[in-house]
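A quick write-up on the structure given underneath.
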Amino acid sequence: MAEYDLSKTIIPYLDRHLTFPLLAHLSETNLFPPREVQIAQYELAKGTNMFTYAASLFSQINPDQEVPADFEEKMRNAVSINEKLQQEAQAILNVIENPDVAQALRQDKNQNLQYLKDNYNLTLDQIRALYTFGQYQYSYGNYSGAADYLYHFRVLSTDNELTTSAHWGKLASDILTGKWDVALEELNTLRELVDSRQPTPLVSSSSQAAIEPTLAQLHSRTWLTHWSLFVYFNHEQGRMLLLETFLSPTYLNTIQTSCPWILRYLATAAILCRKASTTNSTSTPTSSRVRNAIREVVKVIQTEEYQFQDPVTSFLKELYVEFDFEAAQRELSLAEKVVGDDFFLQEFKDDFLDNARYLISEAYCRIHQRIDIGDLSERLNLSRDEGEKWIVNLIRETRMGADAKIDLEKNVIEINRPALPIYQSVIEKTRGLAIRTQALGAALSRANGPQATQQPPRAAADGQAPAIPVN
Amino acid sequence: MSRFFRQAGDSDSDSESDEELMSSGDEAPAKPAASTAKPAMSRFLRTAQSDSSSSSSEEESDDSDDSDDEAPQKKRTGLPRASDSESDEESDEEAPVKILSASEKRLAEMEGTGKAMDNALKINDWVAISNEYDKLTRMVQKQSNVSEPIPPFYIRTLSSLETSVNNAQTKEKEAKKKMNATNAKALTAMKQKVKKALKEYEREVKLFQTDPEAFEREFSATVAPEAPAPRAPRKKARDEESGEEDETFQTVGKGGKAMQFTAEGIFKNLQAVQEARGKKNTDRAEQIRILEKLLEVAVTTYQRIRVLLALISSRFDYNSSVASHMPNELWLSAQREVDQLIAIIASDRKYSIEEVVSLEYDELAERTPADEPDGILRVRGSIISFIDRLDDEFTKSLQNIDPHGTEYVERLKDEKVLYCTICRAQEFYEKTNQAEPLGRVIMRRTEHIYSKPDAVVQALEQASEASDIKPNMTLSLQTSTSGLVHALCVHLYKTGNSLLRTRAMLSHIFHHALHNDFYSGRDMLLMSHLQESIHQADVATQILYNRTVVQLGLCAFRCGLIKEAQGTLQDIFTTQRVKELLAQGVHQQRFQVLTPEQEKAERQRQLPFHMHINTELLEAAFLVSSMLVEIPLLASIDSEEQKRKAISKPFRRLLDFADRQVFTGPPESTRDHIMQASKALQDGEWEKCRDLIQDIKIWSLMPEATAVKEMLAKRIQEQGLRTYLFTYAPHYSTLSLALLSRTFSLPLRTVTSIVSKMIWNEELAASLDQSKGVVVFHRIEHSRAQQLALSIADKVSAMVDQNEKTLDLKMGGGATWGDRADGAKGEKRGEQTQERRGRGERTRGARGGARGGRGSRFAQGLGNAQRVG
């Protein structure tokens, strides 16, 4: 199963600290020799300021060797730097936490700076100390502290680059402390920040300079995609949000161009959200994107088949492109293992299996008129009795309740799906026409009418104008 | 015979050593200074000389052959020559060559050409005759230069030619089958020439015609006295034949003995040549000769660079007209000289040739690197333009040579040396860090390899690697051709020149397509967004774009991606001007006549034959994929109106045409095959369809032909099944899956999968009965009123669509005043929708529907090509 493990592909797109949980997970799954994982952990820790952790890892790997002496020294160094930085930061924190100041601060950052400078003699350089200290705290693993400092820094600083960096740092800290709500918020702001960055024309042939920001944007989107996996697969509403985000054109493009392996998570999320797509009873309205998620995802999987393929995606492909139920079942049992071993997906293994079965039986029922229960149960990897129960539930839950009947004598399900009456299809076809024609008329009158009398009707027209497809 | 050859050779080497003595004597004063440069140069010169002398020796031996053969049958050829008696006698005993006098030799030569003319006359090849005649005239003129009388042979040839020209023309008029254009042209040209010559030698001809014997006697009388003095004229003849330079030097230095070419005078001479350059009456050939001589005496590196620069450009000047191409020998020597120039600069980094030299310098003064401020001597000049010109001339010559002759193949072999030169230039620019010309030279290199199969690229690369000057990127370093092309293209992507980037991108995509890497090619094409801007590009780039798209379509076809292949090739085939768009032939315009300039421009754009993409193969691929897409679709729709909507118009047209035919014979052309196959597919006879398709001969041109045929057979089975289901579903209430699987020899699983897919996509109103293993059809017949209701609903919605489009157009057209009405807001909104739409398009494109919004863009590009064309 190691060949389906994505850790190695994903790690380059993660922060050093974000990788620790991944490696910890790997050491549990036994996909790789434990010693190798340990060495990797040690190598990782060596680059941070978490010396005690690194030292303990070292002694685990080499039980018979002394821990190198420079760890001690580095540790002492680190402590002294920490103290120094803390003092600097504390000075500012004292000022900011003063209630007077908190009240005086406004939206405008420049004004705030001026205010702080006038009254408390704080300069931009001093504020930067907040950032440095936050970063330092992060580097030795005090994530919640880091999140705090970075937050304060971001509020005050006007330096674009550092603010962005602080955003990323805050997101990482929130992820590592497990505050998913906060992390989600942070993720959304960061996403806005990335997306709002000067949307440069994508014409590659215009000039050299134009390429760079586009490339940078693609780069940060790729990173964001990977980091967001932590949030989306831990937050309650995460899967839906994941579909919403990843299926938006920009991110779908990002995935297709730079990281097709994310398709596994996209496919899994689509399968997990199946309920949302079939039953519309949930209070939160889902967008059409989420509702049609599976169809969309299947399309993407088909196009990117040459770049990326794993049991999860091939399951969907076999089911919805080839309609080969046997192969789908085979892939499903593989996918089950893959999902179980995946760091992000392990929690959802049962859910995944459940939903995947639903998908199979739904497709199966739609195509077949008479189904042998035993056969269907086999398709679903279930025993006969279990299968029957399952099917009854399925019929009850889904909309085909009226069409399907179980014939226990012959042990088959009969599905009678009456064809769509022609009246229905005529109604469907003519539904939007009236509104569209109205919109046309409004647009016409706006274009022709004299300018003076135009005011009131235009307001109405503006509301409808987007209904006209521009092409 | 062998004795003759040997002896001819002997005497030749004699004379050559003579000449070497002479030339070394010439060079003696310059020798010490030029010692470094000496070997390469003299070698070069010597090869030139030995070339000419060896050719003349061949001629000699040929001649002696002739005389040997002809001697017994003097009557037939009727060539009583002054020297005949002597040479015949002596040729049997001793060395005949020594005895042959200069004039005799000339005579022999003339007879040789005469004979060639006779031969050409027999096969009616007027081009050859014209050439030979020109040669003959030149010889005669030379003859008159040395104040010898006009030989009767010439006069006789002239008069006989006149009659044969007239004969040929009368025959031509009567003949049903015309000769080809070039031949006919040569014939008329010949007629003119003969007429002119006849006028010139009117007196002699008259004399000859009245009394040929007397005329000849008179001639031999004038020539005879010279015969006994073999040594001196021989020498003179040598001079004339081998070193034409000598002769011209005499004419150059009109007053004095000859012009003095010395190291000191080089710059003066150079300047004189350069001043004469471009003037009307300058003899270009002569200039080249002067420069060659100058090169010989050039002493310092600087001098040699200067002379080489001038020499190469004057070689390129030799042909003034744009249409005709450079003679091959000239091209080859220019190529060698460029090589030489690069070698000089590469070996001595103190010298550099740059296009822009800030420092003004005296053209007439000698310079050394030591005098320069930074120790590097910069000379004004441009190697890259030489390379460009060489490459262009090469292409031009290929355009002009008949691609089916051996000459074309011979010429193609020169690509190797050209490629080497380009590689050397690349190395030079790499070392000197000149980014702009480096980009151009790399582009040239890429263009030579991107469309070639691996084996050819390997051969080219081997040649370039054999040289001592190697660029950074070679095949051995990159391991595969794809790697090499990738490296070259990546370098070009990084350059600032957008044209180079575009071309590199297209070449790279072409290369991917050639290597069956459809997905990478498609992704690159879509990501580059070239289809949006290609109609603004120059014609050559548009042609490259068309080629790339077509190649991508072929690649998709080979990979079995029928839909993609059909979609990609569709655009170009709907224009019906495939050949023109690929620059592989001029399209006959029906309603407008091209001006000569346009025609000329069109012809210049044509690709050399070896780069052509076979259009018949292309058409076969397109029609077959259209068949596989279109026939099931045709079967699936039942109402008449829907039928009018076709995916592939050209295919539909052909099919309709085939339908209308009353009798159909056995298929001959590719089209026949495909049309009959389509009909078989419509009738559900997939086996017949498969056989017909596989019988098409043109597949053999496709790499991996057997694999492609197998793929096609499989596709035909599948589409046959679909067509069958669509066509016959109304007549069945159930159909056994096992029967279907047997009929179409597909595994049961595949049949189930195909049927399931059709049910899922709601193409087929049916469902599967698992326990019985049958397909159950639920067909509902609509009543007349219902049908009408449906169609009116369709029509109404189409009308609304149409209305919206019209309004859109109108608003778009009146955007100026519409915008004023609601100001910046409307504008902004417009921008947003634009962006939204753009994004949507992008994703649609990226998602792989190669059709998407691309068709219209592409059509624009094509339209533009037409306008320019």
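Identify all residues within the range A:137-153 that are over 11 Å from A:Gly169 (Cβ atoms) and touching a Leu at 6+ places or on another chain (Cβ under 7 Å); write none if there are none.
A:His152
Give the number of residues within the range A:237-276 that are among the charged types (D, E, K, R) and closer than 24 Å to A:Asp15 by Cβ. So that I can check it myself, show each step before the final result.
Taking the range A:237-276 as the starting set, the residues that turn out to be among the charged types (D, E, K, R) are A:239, A:244, A:264, A:274-275.
Subset that is closer than 24 Å to A:Asp15 by Cβ: A:239, A:264.
The number of residues fulfilling the criteria is 2.
Here is a list: A:Arg458, A:Arg370, A:Arg417. Which entry is modelled with pLDDT under 75, under 26 Å from A:Glu322 (Cα atoms) and within 12 Å of another protein chain (Cβ to nearest Cβ)? Steps first, please.
Details: A:Arg458 fails: under 26 Å from A:Glu322 (Cα atoms); A:Arg370 fails: modelled with pLDDT under 75.
Selected residue: A:Arg417, the only one of A:Arg458, A:Arg370, A:Arg417 that is modelled with pLDDT under 75, under 26 Å from A:Glu322 (Cα atoms) and within 12 Å of another protein chain (Cβ to nearest Cβ).
Results for (1) under 16 Å from B:Val550 (Cβ atoms); (2) out of contact with any Lys or Arg (no Cβ under 6 Å at 6 or more places or on another chain); (3) of a type in the set (Gly, Ala, Ser), shown as yes or no for each residue.
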{"residue": "B:Glu465", "(1), (2), (3)": "no, yes, no"}
{"residue": "B:Asn472", "(1), (2), (3)": "no, yes, no"}
{"residue": "B:Leu477", "(1), (2), (3)": "no, yes, no"}
{"residue": "B:Leu499", "(1), (2), (3)": "no, yes, no"}
{"residue": "B:Leu506", "(1), (2), (3)": "yes, yes, no"}
{"residue": "B:Ala513", "(1), (2), (3)": "yes, yes, yes"}
{"residue": "B:Ser520", "(1), (2), (3)": "no, yes, yes"}
{"residue": "B:Ala537", "(1), (2), (3)": "no, yes, yes"}
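Conditions first: (1) within 26 Å of A:Tyr306 (Cα to Cα); (2) within 12 Å of another protein chain (Cβ to nearest Cβ). B:Leu514 passes all but one, so which condition is the exception?
(2)
Let me spell it out: the conditions are (1) more than 14 Å from chain A (Cβ to nearest Cβ); (2) within 30 Å of A:Pro260 (Cβ to Cβ); (3) among the basic types (Lys, Arg), and B:Lys431 meets all of them except one. Which number is the exception?
Among (1) more than 14 Å from chain A (Cβ to nearest Cβ); (2) within 30 Å of A:Pro260 (Cβ to Cβ); (3) among the basic types (Lys, Arg), B:Lys431 violates only (2).
Okay, residues lined up against (1) more than 25 Å from A:Gly145 (Cα to Cα); (2) in a helix (DSSP H, G or I):
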site: A:Glu28; (1), (2): yes, yes
site: A:Val37; (1), (2): yes, yes
site: A:Tyr42; (1), (2): no, yes
site: A:Gln65; (1), (2): yes, no
site: A:Arg76; (1), (2): no, yes
site: A:Ser80; (1), (2): no, yes
site: A:Leu85; (1), (2): no, yes
site: A:Leu93; (1), (2): no, yes
site: A:Gln103; (1), (2): no, yes
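How many residues does the range A:356-372 hold that are more than 20 Å from A:Asp407 (Cβ to Cβ) and in contact with a Lys or Arg (Cβ under 8 Å, 6 or more places away or on another chain)?
Number of matching residues: 3.
Checking B:Leu460 against (1) surrounded by fewer than 16 Cβ atoms within 10 Å (Cβ to Cβ); (2) aliphatic (A, V, I, L, M); (3) within 20 Å of B:Leu418 (Cβ to Cβ), which test does it fail?
(1)
Looking only at the range B:764-790, count every residue that is more than 10 Å from chain A (Cβ to nearest Cβ) and assigned to a helix (DSSP H, G or I) and tell me the total.
Residues flagged as more than 10 Å from chain A (Cβ to nearest Cβ) and assigned to a helix (DSSP H, G or I) within the range B:764-790 amount to 2.
Return yes or no: is B:Ala565 among the hydrophobic types (A, V, I, L, M, F, W, C) and either surrounded by fewer than 19 Cβ atoms within 10 Å (Cβ to Cβ) or under 21 Å from B:Leu712 (Cα atoms) (or both)?
Working: among the hydrophobic types (A, V, I, L, M, F, W, C): yes; either surrounded by fewer than 19 Cβ atoms within 10 Å (Cβ to Cβ) or under 21 Å from B:Leu712 (Cα atoms) (or both): yes.
Yes.
For every residue, the table says whether it meets (1) modelled with pLDDT under 85; (2) more than 12 Å from every other protein chain (Cβ to nearest Cβ); (3) surrounded by fewer than 21 Cβ atoms within 10 Å (Cβ to Cβ).
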residue: B:Thr479; (1), (2), (3): yes, yes, yes
residue: B:His486; (1), (2), (3): no, yes, yes
residue: B:Glu532; (1), (2), (3): yes, no, yes
residue: B:Thr541; (1), (2), (3): no, no, yes
residue: B:Asn546; (1), (2), (3): no, yes, no
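With respect to the numbered conditions (1) at pLDDT 75 or above; (2) surrounded by fewer than 18 Cβ atoms within 10 Å (Cβ to Cβ), which one is the sole condition not fulfilled by B:Val194?
(2)
Residues in the range A:240-265 that are buried (at least 23 other Cβ atoms within 10 Å of the Cβ), of a type outside the set (Ser, Thr, Tyr) and within 18 Å of A:Val338 (Cα to Cα): how many?
Total satisfying the criteria: 3.
What is the number of the single condition among (1) modelled with pLDDT under 75; (2) in contact with a Ser or Thr (Cβ under 7 Å, 6 or more places away or on another chain); (3) not hydroxyl-bearing (Ser, Thr, Tyr) that B:Glu245 does not meet?
Checking B:Glu245 against (1) modelled with pLDDT under 75; (2) in contact with a Ser or Thr (Cβ under 7 Å, 6 or more places away or on another chain); (3) not hydroxyl-bearing (Ser, Thr, Tyr), the one that fails is (2).
Under the condition of being surrounded by fewer than 18 Cβ atoms within 10 Å (Cβ to Cβ) and at pLDDT 75 or above, which residue from the range B:578-592 is nearest to the chain's Cα centre (by Cα)?
Per the stated criteria, the residue is B:Gly585.
Taking A:Leu156 and the conditions (1) at pLDDT 85 or above; (2) over 30 Å from B:Leu499 (Cβ atoms), which numbered condition does it fall short on, given that it satisfies the others?
(1)
Within the range B:555-578, which residues are assigned to a helix (DSSP H, G or I) and farther than 17 Å from B:Phe651 by Cβ?
The answer is B:Cys555, B:Arg558.
List every residue pair whose Cβ atoms lie under 6 Å apart, where the two residues are 6 or more positions apart in sequence or sit on different chains, the first residue falls within the range B:330-345 and is over 16 Å from B:Phe428 (Cα atoms), and the second residue, located anywhere, is hydrophobic (A, V, I, L, M, F, W, C) and modelled with pLDDT of 90 or more.
Within 6 Å, no pair qualifies.
Please find, within the range A:223-279, the residue that is modelled with the lowest pLDDT out of those that are among the small types (Gly, Ala, Ser) and in a helix (DSSP H, G or I).
To start, the set of residues in the range A:223-279 that are among the small types (Gly, Ala, Ser) comprises A:228, A:238, A:248, A:258, A:267, A:269-270, A:276-277.
Among the residues that remain, those that are also in a helix (DSSP H, G or I) are: A:228, A:238, A:258, A:267, A:269-270, A:276-277.
Details: A:Ser228: 90, A:Gly238: 84, A:Ser258: 87, A:Ala267: 91, A:Ala269: 89, A:Ala270: 88, A:Ala276: 55, A:Ser277: 50.
By that ranking, first place goes to A:Ser277.
Taking helices (runs of 4 or more DSSP H) that fall entirely within the range B:679-763, which contain at least 2 residues that are closer than 18 Å to B:Leu623 by Cβ and more than 14 Å from chain A (Cβ to nearest Cβ)?
B:686-694, B:705-728
Can you confirm whether A:Ser361 is polar (S, T, N, Q), away from chain B (no Cβ under 14 Å) and part of a helix (DSSP H, G or I)? Quick ask: steps written out before the conclusion?
On the way: polar (S, T, N, Q): yes; away from chain B (no Cβ under 14 Å): no; part of a helix (DSSP H, G or I): yes.
Here the answer is no, as A:Ser361 does not meet what is asked.
The values are calculated or read from the model by the stated rules, or taken from the named source; none is laboratory data. Treat the numbers as computed from the prediction; the structure is a model and nothing was measured. Note that each Cβ is placed from the backbone with ideal geometry, even for glycine, and that neighbours are counted across all protein chains shown.
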